[in-house]
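The values are calculated or read from the model by the stated rules, or taken from the named source; none is laboratory data. No experiment lies behind these values; they were computed from the predicted model shown. Cβ coordinates were reconstructed from backbone atoms using ideal geometry, including for glycine residues, and neighbour counts include every protein chain displayed. What goes into the accessible areas is simple: the full protein's heavy atoms, side chains included, and nothing from ligands, DNA or RNA. Shrake-Rupley method; radii C 1.70, N 1.55, O 1.52, S 1.80 Å.
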Amino acid sequence: MTGALFELSFALAAPFWLLMIFLPGRAVTARAAASPLTVLPVLAVYLAMAVPVLPELWTAVSSPDIDTFRELTALANGAGAVWAQVIAWDLLLGQWMFLESRRLRISPYAMGPLLVLTILLSPFGLLLFLVLRTARERHARSDGRGAGVGAGERGEDLDGGGLPGAVGPEEPEHGAGGDGEVPPAECGDVPRTGLGQLPRLDGGRTYGPFRQKRRNC
């Protein structure tokens, strides 16, 4: 029974590792990695093996030394409980690494081997990922500063608040239409006139007969 539980502990975690390694871009992978509930089945296996050796387990964690820990792992349930605990915490660690890699846009081709290493030797996998994460964050910050300086030199408005002395597009005069013509000051009928001078709205003069018509507003 203990041997079966020992094998079951990793089998319950394996599907989530496979999703993060082989299907990193799928929505189901992102949802699984964001949930801490993925470890519940593994923790159930842990409890099944830890409860029968709870006195020895408590002695090993309350007064830790190499001898008491050796006595705990000499028991089948004790070794199985420690193994299930490692599987559960490694899975949570892998999920955090996966989410950070997506946030920092680290290539899945780099993260796949790191996640495999984390399954086998999680301290080594975590150390390598922390180095990669630090390098990626520094690169992202330097790119952000470079983009900000370049935009400032070109006179671009980065925050939407406007730059001092920046010259924008010339605004149309008040009342001007879309085609640049000055619209009539008011709508209505233009009185019928004969020959003579008729004042124009733009300051010039119009000569000749002017028939009555209705301006469109």
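Give the peptides 130-137, 93-100 in descending order of average Cβ contacts within 10 Å, highest first. Numbers along the way, then the final one.
Values: 130-137: 13.5, 93-100: 20.5.
Peptide ranking by packing, descending: 93-100, 130-137.
Find the eigenvalues of the gyration tensor of the Cα atoms of segment 64-141, then list the square roots of 5 times those eigenvalues as equivalent ellipsoid semi-axes, largest first, in whole angstrom. List each step's numbers first, then the result.
On the way: eigenvalues 216, 30, 16 Å².
In descending order, the three semi-axes are 33, 12, 9 Å.
Calculated FRET efficiency, residue 2 and residue 124, Cβ-Cβ r, R0 30 Å, to nearest 0.05? Could you put the intermediate results ahead of the total?
Working: r = 28 Å, r/R0 = 0.95.
In this case the efficiency is close to 0.60.
When ligands, DNA and RNA are left out and all protein chains stay put, how many square angstrom of accessible area per residue does segment 35-127 have with a 1.4 Å probe? Mind dumping the intermediate values first?
Numbers: 5190 Å² over 93 residues.
In whole numbers, segment 35-127 has 56 Å² accessible per residue.
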